[in-house]
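A short worksheet on the structure shown next.
The values are calculated or read from the model by the stated rules, or taken from the named source; none is laboratory data. From a predicted model like this one, the values you see are computed outputs, not experimental measurements. Every residue, glycine as well, gets a Cβ built from its backbone with ideal geometry; the counts of neighbours run over all protein chains shown. Areas reflect the complete protein model, heavy atoms only, side chains present, ligands, DNA and RNA absent. Shrake-Rupley method; radii C 1.70, N 1.55, O 1.52, S 1.80 Å.
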Amino acid sequence: MQFNFGKWFGTRAISVIVAVLFCLLLDKVMQGPDKSYYRFLMSLAGIYVTLAVSLNLINGITGQFSIGHAAFYQIGAYTGAVLAANKFSHLAATKPLLWLFLAALFGAIAAGLAGLIVGLPSLRLKGDYLAVVTLGIGEIVTIIAKNQKSLGEAYGLSTAKIESVFLISLLAIVCIAVCRNLLKSAHGLAFLAVREDEVASAAMGVNLTRVKVTAFVLGSAFAGAAGALYAHTKAFVSPPDFSMDVSFLILTMVVLGGTGSITGTTIAAVVLFLIPEKMRDLPYVQMGTPLGVAIGIIVAVVLLRKIQESFHGSASERLGRNLGSVGIGIVVAFVMAKVLVMVPAFQSMINGALFRMPVLAVTLVVLMLLRPQGIFGHHEFSWSWVQKLLGKKSPETEVAA
Amino acid sequence: MLETKNLNVFYGAINALNDVSITVQPGEIVAIIGSNGAGKSTLLRTISGLIRPRSGSVSYNGKELTTLQPHEIVKLGLSHAPEGRRIFTNMTVEENLQLGAYLRKDKAGVAADMEMVLGRFPRLKERFKQNSGTMSGGEQQMLAIGRALMSRPEILLLDEPSLGLAPFLITEIFNIVKDLNADGKTVLIVEQNANRALEIAHRAYVLETGELVLQGSGQELLHDPKVKEAYLGG
């Protein structure tokens with residue numbers, strides 16, 4: 001194989017330019033006072049993508065079960081907030097974008113160092129110890145923030161409001177690119193090997209501790225950078241923003257997207273963040289309606305499970321039956337909703353927005369029942385994969401399948 | 001020369017290896033035979049650094065191995081094909097072989113060795129881009145040995161290569177081990193299938209509940225009445 005530097009560099013340069021232009025465009029589209037809500041949504045989506053993809057590097061790709069990712073997010077956020085309020089207040093006021101960039105950098109360094117301190121001892125252990133340690137770290141960091149006067153205690157800290165969809169989306173893209181390139185590199189296989197079999201990896205000469213610590217520190221650093229950007233997007237940080245719920249939400253994104261799949265994690269992060277956000281606007285409904293919908297979902301899931309277990313026809317027949325099951329579920333939902341509303345006990349009004357969290361839970365349960373490997377499984381988005389979906393089989397993907 | 005001296009390994013209170021001393025000279029095939037639970041795999045895993053002994057030493061060409069990490073031991077030229085094959089089943093044959101050469105920086109040498117392994121195991125060449133988990137047991141064992149060869153080791157540590165394989169495949173695997181040895185590789189092989197192992201071994205040790213009970217040349221042990229009774233089916 002001939003290594004073509006010009007071509008290699010060309011592709012890289014084009015990718016970088018496209019990515020930067022895309023972020024600038026997003027930033028432009030999101031400008032203006034009337035779009036502040038969408039700007040906030042877009043920023044949070046970018047932050048969650050960064051968090052989920054960085055946790056995926058630890059949990060999904062390297063197979064180390066960390067459940068305290070919010071701790072590093074929080075360390076980054078408080079680092080940014082505290083520095084902007086004290087030492088760098090002048091810079092934050094005069095050159096906000098430059099400061100935001102530096103804040104992300106400082107956040108990444110602080111969280112990366114914390115990751116190193118936590119990771120070095122705990123990653124030497126095998127099995128579930130890391131889960132216990134990271135769970136503890138999540139709590140410890142929150143408790144410190146709650147009790148430290150200089151960190152605002154339970155009230156939280158105010159800081160400069162600096163919004164930049166550009167930097168946030170750029171961070172998300174950089175995080176995705178770093179993870180992807182790491183996987184494609186010579187060392188990338190070692191990360192996957194550690195996930196698959198630690199003993200065999202060690203026997204191959206993989207330095208287990210180094211691979212795990214690298215993944216952990218890199219993942220923590222990206223979470224820290226995301227934290228610093230979050231602090232300035234919201235202009236305020238407080239302990240509840242980084243509670244255990246947040247750690248679990250990020251973890252859910254990774255599992256739902258397909259453990260190890262960067263593409264899946266990215267999509268799951270956006271979806272899981274948007275569902276509860278969009279449902280804030282739901283109107284008041286009669287009790288019978290959500291009950292009917294729930295019954296419809298149960299019917300559809302039972303039918304789909306049945307097909308998965310006992311139907312052995314061709315793919316198109318299977319698709320037909322699956323769509324049919326979903327159809328039946330929808331019809332049942334409609335009918336049951338109409339019927340139940342006639343019952344006086346189910347006529348009371350209830351705020352639709354209350355169903356935000358239940359809907360999230362139901363989505364997860366349904367997905368885990370029907371597709372336990374996550375939306376994407378171990379797969380990644382690639383152009384040859386798209387070709388295959390469109391029916392044009394390329395020889396490369398043929399073998400991979 | 002690989003040497004263990006008075007090696008003691010414990011799992012909790014259980015004495016898995018009791019004062020085990022063996023030597024492996026360059027160019028030899030040395031077999032460790034014994035029944036289930038005799039401590040054969042424990043011995044190999046201790047040599048390759050996956051288990052720490054409580055006392056005793058393992059040395060290779062005079063260098064002490066018991067204080068080293070597994071990856072440092074691989075660097076010294078010992079390569080371990082672990083029990084149960086332990087290939088990376090979600091990866092392709094190619095990726096498995098690449099991981100075998102993980103510590104090597106000489107790209108040309110790695111490519112040459114890849115060709116060598118594929119030449120020795122034509123089945124792996126056919127399945128080069130295939131997910132290794134979908135291969136048969138025999139093919140997986142060949143991959144495990146091929147992967148261990150990719151680090152270009154001086155000593156190959158093989159743990160139960162015949163496990164779960166059909167008789168004709170066992171013959172094939174043992175022929176390959178013999179060929180590798182003829183090409184200059186030193187082999188330390190652990191086997192329950194005593195008959196086959198003793199046939200190809202220059203020297204062999206018999207382990208029983210963590211203790212060495214017999215040693216001698218392969219042929220001697222093959223005809224030893226005690227070994228015959230205990231391990232070769234009378």
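Across region A:356-366, rounded Karplus estimates of 3J(HN,Hα) from the backbone phi angles (6.51 cos²θ - 1.76 cosθ + 1.60, θ = phi - 60°) give 3, 6, x, 4, 4, 5, 5, 3, 5, 4, 4 Hz, Gly and Pro being marked x.
Could you give log10 I(q)/I(0) at q = 0.08, 0.11, 0.12, 0.16 Å⁻¹ for region A:31-281, computed by the Debye formula over C-alpha point scatterers of equal weight, without solvent? Log10 I(q)/I(0), no solvent term: -0.29, -0.54, -0.64, -1.11.
Entry note, chain A: relative contact order of 23 percent, from Cα contacts under 8 Å with a spacing of 6+ residues. Shown here for region A:21-121: chymotrypsin sites (Phe, Trp or Tyr not before Pro) in loop regions (DSSP other than H, G, I, E, B) with at most 12 other Cβ atoms within 10 Å, of which there are none. Taking the accessible area of region A:31-281, probe 1.4 Å, and keeping the other protein chains in place, the carbon and sulfur fraction comes to 69%. Per residue, the solvent-accessible area of chain B (1.4 Å probe, heavy atoms of protein chains only, all protein chains present) comes to 42 Å². The mean number of partner chain beta-carbon atoms within 10 angstrom of a residue's beta-carbon across peptide A:203-215 is 6. The contact between chain B and chain A removes approximately 1900 Å² from the accessible area (both sides summed; 1.4 Å probe; ligands, DNA and RNA excluded). Taking 0.36 nm per residue of sequence separation and removing the Cα-Cα distance, the B:A166/B:N6 pair yields an extension gain of 54.0 nm. Relative contact order, whole percent, for region A:88-162 stands at 25, derived from Cα pairs under 8 Å and 6 or more residues apart. Between A:T363 and B:E199, the FRET efficiency from the beta-carbon distance, with R0 = 56 Å, is close to 0.40. Around the Cα centre of region A:31-281, unit charges on the Cβ atoms of Lys, Arg, Asp and Glu (plus for the first two, minus for the last two) sum to a dipole of about 480 debye. About its Cα centre, the dipole of the protein assembly as shown is roughly 1780 debye, where the only charges are +1 on Lys and Arg Cβ and -1 on Asp and Glu Cβ. Taking all protein chains together and rolling a 1.4 Å probe, B:K228 ends up with roughly 80 Å² accessible. Of interest is the spacing of the C-alpha centroids, which for region A:9-64 and region B:1-69 amounts to 52 Å. Close amide H contacts of B:L7 (hydrogens built in the peptide plane, cut-off under 5 Å, sequence separation of 5 or more or a different chain): B:D19, B:V20, B:S21, B:S57.
Only lysine pairs 8 or more places apart, or on different chains, with alpha-carbon atoms under 19 angstrom apart are counted in chain B, and they number 8. Probing with 1.4 Å while keeping every protein chain in the model, the per residue accessible area of region A:252-320 equals 49 Å². Counts of other chain beta carbons within 10 angstrom of each beta carbon in peptide A:193-201 average 6.
In order along region A:233-248, the phi-based Karplus estimate (6.51 cos²θ - 1.76 cosθ + 1.60, θ = phi - 60°) of 3J(HN,Hα) comes to 5, 8, 6, 6, 10, 8, x, x, 5, 10, 6, 4, 3, 5, 4, 6 Hz; Gly and Pro are listed as x. Taking the DSSP bridge list for chain B and keeping only pairs wholly inside it, about 55 percent are antiparallel. Per-residue extension of 0.36 nm, minus the Cα-Cα distance of A:L98 and A:F311, leaves a gain of 70.8 nm for this segment.
Based on C-alpha pairs under 8 angstrom that are at least 6 apart in sequence, region A:107-218 has a relative contact order of 37 percent. Close amide-amide hydrogen proximity is noted between B:G216 and B:A204, each under 5 Å apart and 5 or more residues distant or on a separate chain (H modeled in the peptide plane; Pro and chain starts excluded).
Could you let me know the centre-to-centre spacing of region A:185-259 and region A:302-362, using Cα atoms, in angstrom? Here the two parts' Cα centres lie 35 Å apart. Between A:S185 and B:T134, the distance separating the two model label sites (each 7 Å from Cα on the Cα→Cβ line) works out to 3.1 nm.
Peptide packing: for A:135-148, B:92-105, the average count of neighbouring Cβ atoms within 10 Å per residue gives the ranking B:92-105, A:135-148, highest mean first.
Spacing of the modelled spin labels on A:L120 and B:S59, each 7 Å from Cα toward Cβ, amounts to 3.3 nm.
Think of chain A as a dipole: +1 on every Lys or Arg Cβ, -1 on every Asp or Glu Cβ, centred on the Cα centre; then among A:T134, A:F101, A:A145, A:F101 lies furthest on the positive end.
Convex hull volume per residue, computed on the Cα atoms of region A:98-137, equals 62 Å³. Think of each Lys and Arg Cβ as +1 and each Asp and Glu Cβ as -1; about the Cα centre, that makes the dipole of chain B roughly 560 debye. When the charge dipole of chain A is built from unit charges on Cβ atoms (+1 for Lys and Arg, -1 for Asp and Glu) and taken about the Cα centre, the candidate among A:H90, A:T289, A:A200 whose Cα reaches farthest toward its positive end is A:H90.
Taking region A:217-256 and a reference point 7 angstrom along Cα→Cβ of A:L370, the backbone N atoms nearer than 17 Å belong to A:256.
Counting, for every residue in B:121-134, the Cβ atoms of other protein chains within 10 Å of its Cβ and taking the mean gives 1.
The listed residues A:D241, B:D159, once ranked by accessible area (1.4 Å probe) with the largest placed first, stand as A:D241, B:D159.
Taking amide H atoms as placed 1.01 Å from N in the peptide plane, the amide H of B:I29 lies under 5 Å from those of B:V187, B:H202, B:R203, each 5 or more residues away in sequence or on another chain.
The string of couplings for region B:22-27 from the Karplus curve (6.51, -1.76, 1.60, θ = phi - 60°) is 9, 10, 10, 8, x, x Hz, one whole number per residue in order, with x for Gly and Pro. Here B:T209 and B:E154 are evaluated by their C-beta separation; at R0 = 25 Å the FRET efficiency comes out at 0.20.
Each listed q (0.09, 0.17, 0.20 Å⁻¹) maps to a log10 I(q)/I(0) for region A:135-281, found by the Debye formula over equal Cα scatterers with no solvent: -0.37, -1.17, -1.40. On region A:284-389, 74 percent of the accessible area sits on carbon and sulfur atoms, based on a 1.4 Å probe.
Across region A:284-389, the volume of the C-alpha convex hull divided among the residues equals 132 Å³ per residue. Sorted on the mean count of surrounding Cβ atoms within 10 Å across their residues, most packed first, peptides B:190-202, A:361-373 read B:190-202, A:361-373.
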